[in-house]
1. Give a quick list of trypsin sites (Lys or Arg not before Pro) in the stretch 10-51 that DSSP marks as loop, anything other than H, G, I, E or B, with at most 16 other Cβ atoms within 10 Å.
2. Could you calculate, for the stretch 176-328, the ratio of the Cα radius of gyration to the Kirkwood radius, expressed as Rg to Rh?
3. Taking the Cα atoms of the stretch 110-169, what is the range of coordinates along each of the three principal axes, in descending order and whole Å?
4. What do you get for the angle between helix 306-327 and the principal long axis of the chain? Use alpha-carbon atoms, 0 to 90 degrees, nearest ten.
5. Provide the per-residue ³J(HN,Hα) series for the stretch 67-81, in order, calculated from phi with Karplus coefficients 6.51, -1.76, 1.60 and θ = phi - 60°, each as a whole number of Hz, with x at glycine and proline positions.
6. Of all DSSP beta bridges in the stretch 1-126, what percent run antiparallel (nearest 5)?
7. What's the percent breakdown of Cα-Cα distances in the stretch 59-108 across 5 Å bins, shortest bin first?
8. Expressed as a whole number of Å, what is the distance separating the alpha-carbon centroids of the stretch 198-242 and the stretch 40-113?
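Derivation of every value follows stated rules applied to the coordinates shown; laboratory data play no part. The structure presented is a predicted model; accordingly, all values stated were derived computationally and were not measured. Glycine gets a Cβ as well: all are built from the backbone with ideal geometry, and neighbour counts include every protein chain shown.
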Amino acid sequence: MSLPEFKLLRPRTTAEAIAQLAEHAGNIRILAGGTDLLPSMQQKLFEPQYVLDIRRIAELKGIRPQPDRAVEIGALTPLTDIERSDVLRSRYPVLPEAAKTVASPVLRNMGTIGGNICLDTRCLWYNQSLQWRKSCGFCIKKDGDLCHVAPGGSKCWAVFSGDTPAALLCLDAEIEIANSSGVRRAKLADFYTGIGDDYRKLQSDELVTRVLLPASSSGYRGVYRKLRVRGSIDYPLAGVAVVLKRSNGHIEDARVALTAVNPAPVLVKGATELLAGKRLTEASAEAAGVLAARTAKPLTTSALTPEYRREMIRVFTKRAVLALAAES
Ligand SMILES: Cc1cc2nc3c(=O)[nH]c(=O)nc-3n(C[C@H](O)[C@H](O)[C@H](O)COP(=O)(O)OP(=O)(O)OC[C@H]3O[C@@H](n4cnc5c(N)ncnc54)[C@H](O)[C@@H]3O)c2cc1C
Ligand code: SF4
């Protein structure tokens, strides 16, 4: 499959990139590692007139520990650097663990944290060639007006399938977004809409520049568990991140987040209240698993059945909590 024609822009600074985004807003796509954008363009899911290749912008790369134990990560930082970072492993272990499950080593060398956060939602009916989609009459997410997954409805349920956002939600991460009017910060939890065909709050003239991990989440132990068809290289079909802090044998604070089972990565509401103050036991782990499974709303957007994916959310959440019990 060939790429559609486009003009390639290669800025060297963030300011230059933002000016080019503003000039071509609505007709431009950002290319970071390109590991998701380029296959999507080959499938003619996107046919922008301009592609903004941000890979030469050095100031967007790097992991920068702050004096107060917070850490800033440039949006263009490769996932391999996150997986191998000593400072992240010691302060925010759930993030390197999630990063190391993304795709394969080659794709993690190319793929970036910003690209993982901004990743398009996926569906069996959408991530296909133009000919394939045409033969099915297209769908709401692109070029059509019906949903094959939930016929009769008008919402797209394509599933968010990035690994690191579940870990980042547990860490209460923020992102910095720049455009020609300035810079704003947003909680990652507020960045996603939960709508498959309009899944993130990012305008076409905006660039994610940094990921900010707060000092208050530093030191939480964490685990990420992921269901996929091919262990060596695959998108998640269900993913769970769990972080917690213990004191005197009890759970002081805990957070659970899910990915690949809803149109957005989501924090499990009530998980903190359920676990805080409890001992890490089989019973508390099972209760967290049941709650997480209730939050998951998988549909037939992916290769495995919704029932199996939801059940694996329960199992993985329970196992993740028990793994943290065994750790300390
Ligand atoms: C075979 C295969 C397996 C994969 N398996 C996984 C997997 O297991 N888990 C997983 O999470 N992903 C997986 N991926 C998807 C992808 O490799 C990763 O999500 C990767 O992190 C994407 O980052 P990137 O830099 O390559 O993004 P790109 O492809 O460059 O961009 C992805 C999207 O984000 C936008 N974007 C990128 N950077 C910015 C920015 N700074 N500001 C605003 N918008 C931006 C782009 O415009 C595009 O819409 C897989 C891909 C392939 C081909
Ligand atoms: S969920 Fe429905 S509208 Fe969305 S991509 Fe799949 S088939 Fe298309």
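1. Numbers: sites: Arg12, Arg29, Lys44; in loops: Arg12, Lys44.
Sites meeting the loop and neighbour criteria: Arg12.
2. Details: Rg = 16.9 Å, Rh = 16.8 Å.
Ratio value, two decimals: 1.01.
3. 36, 25, 14
4. Between the helix axis and the principal axis of the chain, the angle is about 50 degrees.
5. Calculated HN-Hα couplings, in order: x, 8, 6, 6, 9, 10, 10, x, 4, 8, 5, x, 4, 4, 5 Hz.
6. Looking only at bridges with both residues in the stretch 1-126, the antiparallel portion is about 35 percent.
7. Going out from 0 Å in 5 Å bins, the stretch 59-108 shows 5, 22, 31, 25, 13, 3, 1 percent.
8. 10
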